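Readers should treat all values here as calculations from the given coordinates under stated rules, not as data from a laboratory. Every value quoted in this text rests on a predicted model; they were computed, and no experiment measured them.
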Amino acid sequence: MSHELRTPLNAVIGFSELLKMKGPGDLNEKQERYIDNITISGRHLLDLINNILDLTKIEAGKMDLAIQNVNIGGIINEAIILLGEKLTKQKIVIKKEFDSQLDKIDIDPLRFKQVVFNLLSNAVKFSKEEGGIILIITKKEGEWARISISDTGIGIKENDIGRLFTKFQQVDSGTTRKYGGTGLGLAISKQLIELHGGKILVESKFGEGATFTILLPLRQKMMRTT
Ligand code: ADP
C-alpha cells in the first residue's frame, strides 16, 4: 500500500523538479510557475500520505521502535538543519541550552528526530510576521530527560489546548488556514513519544507563544535491535 501510493507521487515530484532544472529545455514564466505548483502540491500530498501511513501503523500496533543509546543533542541539531532556509526566511533565531549532564538516552533516533522536526516546524510555521526566537532546552531530571521547545509565535487559546493532539485537528485561531498543514503532526508526535513511555505537554499564552515539552525515560527496559 505504502509503495503503491508513494511511487507514482515520487515520479510526479521528481519529474517536476527535473523540468524546473530546465535540463529538458527552457521554460517560460508561466510554465515555471505551474511546475512550482505541481512540486509544492506533490510534496504536500506526500507529507499527508506519510503521516496517514504512520498513524495507521501506530494505531494498528505495528510501529516498532528501533531503540539505540544516543545523544539527543546531536539529533536535535540534525532536526534544526532539516528546517533549512525557512529559518532565515521567517527571521527566526534558534537558541539552545543543552544540559551537559544529559548524556546518551535510549530512543529511536529517527522517530525522535521526526517529533522534534514536527515541533520545530510548527514553532516556525506559527511564528509572527516579524520573526521570533525558538528556545530549545534539554535537562536531565532524575531518570528522565526533559526537552522543551518554546516559541514567541501566535500562541494557542486556552480552550483549544485540549484538542491539539487529536488527529486532523487544526485549531482555528482566525488565521490558521493560511498556515497550511494537515493537523496530524502533533497526533503522531504524541503517539511516538508515548510509545517510548514518555509524555508531551503544552503550555501557551495566546498571542505570546507556546512551549511544547517532551518527557522521556532515560532507559528503555526492552532494547530492540532492529
Ligand atoms: P498542522 O501543523 O499540520 O496543522 P499539527 O498537529 O502539527 O498540525 O498542529 C495542530 C494545530 O496546533 C495547528 O494547526 C496549530 O493550530 C496548533 N499549533 C501547533 N503548534 C503550534 C505552535 N507552536 N504555536 C501555535 N499553534 C500551534
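Bin width 10 Å, alpha-carbon pairs only: give the P(r) of region 2-59 as whole percents, running from 0 to the bin holding the largest distance. Using 10 Å bins, I get a P(r) of 23, 43, 22, 10, 2 for region 2-59.
Per the Debye formula on identical point scatterers at the alpha carbon atoms of the chain, with no solvent, log10 I(q)/I(0) at q = 0.09, 0.14, 0.15 Å⁻¹ is -0.42, -0.98, -1.11.
Here are some pairs, Lys22/Lys91; Lys20/Lys128; Lys96/Lys128; Lys113/Lys139; Lys104/Lys167; Lys20/Lys190; which of them have Cα atoms lying more than 28 Å apart in this structure? Kindly include the intermediate steps, with their values, before the conclusion.
Values: Lys22/Lys91 31 Å; Lys20/Lys128 31 Å; Lys96/Lys128 20 Å; Lys113/Lys139 17 Å; Lys104/Lys167 31 Å; Lys20/Lys190 37 Å.
Long pairs (Cα-Cα over 28 Å): Lys22/Lys91; Lys20/Lys128; Lys104/Lys167; Lys20/Lys190.
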